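Everything on this sheet refers to the single structure shown next.
Read the figures in this text as sums done on the coordinates, not as results from a lab. These figures come from a predicted structure and were not determined experimentally. Neighbour counts are summed over all protein chains in view; Cβ atoms, including those assigned to glycine, are modelled from backbone coordinates with ideal geometry.
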Amino acid sequence: MKNRIPISKKGYTFCVFFTLMLSIGLGGFLTAQEITNDTLPSMVVTVPLSEPSVLSDIIQKHITILELNQVKTSVVVLVSTEEFTWLSSMGYSPEIVPDLVAKEHGWIYSAEFKRDFHSYSQMTAELQNIAATYPDIARLYELGQTVQGRVLWGLKITDNPDDEENEPEVRICGNHHGDEYMSAELPLNLALLLVENYSSDPTITEMVDNREIWIIPMVNPDGHEADTRYNAHGVDLNRNYGYMPESATPYSEPETQAMRNNAVQNNFVLSLSFHCSGNIVNYVWNYKTQPVADNPAVVSLSEQYGSHNSYWVVEGYDWYQTLGDCNDFSYGCRGDIDWTIEVQSSGEEQAWNLNRDAMLEIIDAADIGLTGVVTNANTGQPIPATIWVEEAFWPCFADLEIGDYHKILLPGSYTVHYQANGFQEKVFSVDVDADEPTVLDVALIPYPQYFAYQVTTCAYYAPSDNYQNNPTDGIACLGIPDDNCASLGVGGYIILDMLNPIVDIPDANDLKVHEGDASSDGYQVYVSSDWQGPWVSLGSGMGTAEFDLANGSVESARYVKIVDDGNGNPSEVRPGVDIDAVENQATANQNQPPGNPTQPDGPTAGGTNIDYTYTTLTTDPESQQVYYQWSWGDIIGPWLGPFNSGATAQATHRWNASGDYLVIVKAKDTEGVESGWSDSITVHIEDAPHLEIGEITGGFGSITTKIQNTGAGDAVNVSWSISLQGGLVLLGRQTTGTIMKIIPGLSPKIQTSFLFGLGKVTIAVTADTAQKNASAFLLGPFVIIQQ
């Protein structure tokens with residue numbers, strides 16, 4: 001592994017650097033497919049900003065900005081040949097920056113420079129080692145896969161990592177841009193700081209015990225391995241999110257889909273997204289100049305972060321405008337206050353020292369303000385409420401599973417509204433204290449009214465992307481009609497999550513769009529059971545109008561897409577259709593069925609006699625607990641549960657014969673009312689090998705174990721390795737080999753070359769996809785395995 005900055009008092013004082021680098025060289029690497037699109041930016045140029053319009057034109061052209069100083073006298077950009085020609089044709093005098101200068105500033109990197117940072121495989125090993133070494137406080141999750149099939153890892157650190165608890169959640173991520181290597185190192189350093197100092201440092205122990213901390217060091221592993229800003233499709237991931245997106249296809253990439261899904265499944269309160277290069281604390285908004293509803297708290301926390309490192313603290317738009325970035329998505333769709341932190345490209349120890357305490361203070365700040373649990377007054381069950389504070393009017397969402405909420409507020413007096421589908425609203429006057437979070441648990445009384453719950457995608461059309469003539473926000477569509485509207489702009493659209501499925505009522509309309517403003521505007525309405533579509537048209541409307549799912553031959557839908565009809569003047573104030581609320585009218589039944597569960601999520605290929613785990617979830621209109629029944633293609637399983645409405649449910653199955661199996665799942669509530677079946681996935685099962693690592697043993701001069709094939713097929717060309725991490729290892733740091741064939745039931749022995757060293761080490765054994773770790777102590781040639 002790479003040299004690591006000391007982040008705790010623990011550790012060895014010796015490091016065999018050259019042996020370490022040699023062991024890395026012997027290991028396997030996952031090689032990224034080279035991106036060869038000639039239209040991708042490849043030249044670093046500087047452009048003088050003689051007029052304000054120059055920067056505006058560069059932004060509207062969606063040219064990649066690498067650096068822009070506070071005084072805005074010039075801008076450094078990354079351009080393609082076509083973009084360089086355009087800059088020249090506009091008379092903007094672009095000047096190519098020599099490679100040597102670009103490397104000195106961290107705008108491009110050499111191969112030698114990159115060696116100072118973790119590769120994807122090294123980062124994977126680090127994260128896996130953390131999860132294996134600290135199982136009481138760490139869990140490693142596969143959030144999704146990249147274009148090229150690399151796993152996007154998410155590490156959760158908290159005292160009870162398998163449980164959902166009443167704790168504020170925080171996300172720290174990096175490497176949206178693949179060639180910003182330092183941005184991946186700081187999240188990893190934070191993870192190591194937390195786990196290595198847990199139980200010995202009271203401050204960190206309290207933090208881990210009372211927060212749920214998600215660390216995602218590499219959002220763009222493909223770009224990282226290919227040394228490019230972009231992912232393997234040539235897309236800038238930090239322009240691919242769905243709140244005021246840059247492109248017509250937001251969330252088009254598997255990486256941003258994975259990040260969105262993780263954000264929807266976890267109610268993050270505060271988040272940090274690291275980038276390079278610069279020394280900047282960039283807070284929302286990035287797409288428009290108006291301050292966010294939570295601006296006093298946002299500015300206060302931003303200045304607190306900057307006080308640790310003297311970074312420039314600035315609202316993103318005032319630096320330069322971006323569209324479709326992670327910050328605006330996090331806040332716009334989820335109410336999560338998210339920062340872009342621009343750090344230096346080199347000098348990891350200095351970068352870490354400048355940001356360490358600031359990062360810890362952000363995690364600590366996640367519980368300031370107002371917190372509590374929202375429940376059903378009749379049953380005591382948690383409900384997915386939305387909390388609105390009049391003085392900071394932006395939604396705060398209660399957890400779908402346990403009902404806890406955490407609203408960041410500075411000390412003061414506030415009027416707070418608690419709303420939830422199927423319940424009466426309650427309003428409280430609340431005094432928020434400075435020293436401790438103010439706790440207010442709320443029980444809501446059931447009442448049959450259902451409205452839009454959350455913004456999934458919001459894309460206003462705005463001339464020149466400036467939004468000055470349209471200050472409205474997408475969240476104005478949520479909840480009950482209140483004369484607060486989201487103006488979509490001419491041709492703009494919004495996608496809303498209703499949470500509770502709209503069910504087709506015979507001979508009646510099911511959905512009502514409430515339009516505000518004095519004039520009536522036209523629009524089209526589409527629905528889907530999935531946030532990405534496919535979309536089914538229910539027709540067009542003018543002003544407030546009702547729609548019937550039967551018009552689209554739809555039985556049930558959860559998501560509503562409203563598109564402005566394109567008529568009107570885009571330059572007028574609040575252009576386009578003005579959406580006040582979207583109502584689910586399908587509340588005639590006293591007890592509606594749960595929504596159809598989401599499509600099963602899990603492996604689509606595998607081997608016989610191996611356990612595979614699949615997940616799904618659904619919500620119940622009355623927030624009842626739900627049970628799930630799985631059809632595996634060979635058998636239909638028993639009902640499993642109960643699970644809280646909106647909570648992820650999982651089930652495990654093993655196929656004993658090869659073949660293609662259709663997997664579906666349905667749900668029922670506590671009264672036995674069933675949903676329909678989910679969309680299916682097909683799982684291809686083959687007679688395949690299944691490798692396991694046997695007991696790891698030590699002794700004199702070597703480490704020994706066995707590779708066991710417990711599957712039904714031959715394992716061929718099995719690559720294995722035994723490597724040691726940590727300690728002073730003079731001989732035998734890593735041993736690798738290949739076994740030509742392991743038939744079922746066979747367990748060949750593998751062992752290291754001669755070992756000699758001193759100190760505590762972690763033994764990592766791999767055989768193809770199988771892996772196992774153990775701790776040991778080296779005393780010269782003696783290997784003592786520690787239980």
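Side notes on the structure shown:
- Per-residue Karplus couplings for the range 689-704, computed as 6.51 cos²θ - 1.76 cosθ + 1.60 with θ equal to phi - 60°, are listed in order as x, 9, 9, 9, 8, x, 5, 8, 10, x, x, 9, x, 7, 10, 10 Hz, Gly and Pro entered as x.
- Distance between the pseudo-spin-label points of Ser42 and Ser775 (7 Å out from Cα toward the beta carbon): 5.1 nm.
- Applying a threshold of 29 Å to the alpha-carbon distances of Lys156/Lys760; Lys156/Lys561; Lys156/Lys426; Lys114/Lys741; Lys512/Lys668; Lys666/Lys772 flags Lys156/Lys561; Lys156/Lys426; Lys114/Lys741; Lys666/Lys772 as lying beyond it.
- Using a Förster distance of 45 Å, the FRET efficiency for Thr613-Asn509 (Cβ separation, nearest 0.05): 0.65
- Whole-angstrom Cα spans of the chain along principal axes, big to small: 84, 70, 53
- Ser53 versus Ile785: modelled label distance in nm, points set 7 Å from Cα along the beta carbon direction: 7.5
- For the range 451-468, the Karplus equation 6.51 cos²θ - 1.76 cosθ + 1.60, evaluated at θ = phi - 60°, returns couplings of 9, 4, 9, 7, 7, 9, 9, 9, 9, 6, 8, 9, x, 6, 6, 9, 6, 5 Hz by residue, with Gly and Pro reported as x.
- Its alpha carbons give the range 114-367 an Rg and a Dmax of 16.6, 50 Å.
- The sum of -39500 (n - 2.57) across all DSSP H runs of n ≥ 4, divided by the residue count of the chain, sets its helix-only mean residue ellipticity at 222 nm to -5000 deg cm²/dmol.
- In this calculation the C-beta distance from Glu671 to Thr604 is compared with R0 = 51 Å, giving a FRET efficiency of 0.90.
- Per-residue extension of 0.36 nm, minus the Cα-Cα distance of Glu555 and Ser429, leaves a gain of 41.2 nm for this segment.
- Rg and Dmax of the range 133-272, based on Cα coordinates, read 15.5, 50 Å.
- Extension gain, Asp679 back to Ala657 (0.36 nm per residue minus Cα-Cα distance, nm): 5.6 nm
- Relative contact order (%) - the range 370-484, alpha-carbon pairs under 8 angstrom, separation at least six: 25
- Full-stretch length increase - Asp99, Thr648 - with 0.36 nm per residue and alpha-carbon distance subtracted: 192.7 nm
- The HN-Hα couplings worked out from phi for the range 709-721 by the Karplus form 6.51 cos²θ - 1.76 cosθ + 1.60 (θ = phi - 60°) are 9, 9, x, 10, x, 6, 9, 10, 6, 7, 8, 10, 8 Hz, whole numbers, x standing for Gly and Pro.
- Estimated distance in nm for a label pair at Asp530 and Thr205, the labels positioned 7 Å out from Cα along Cα-to-Cβ: 4.8
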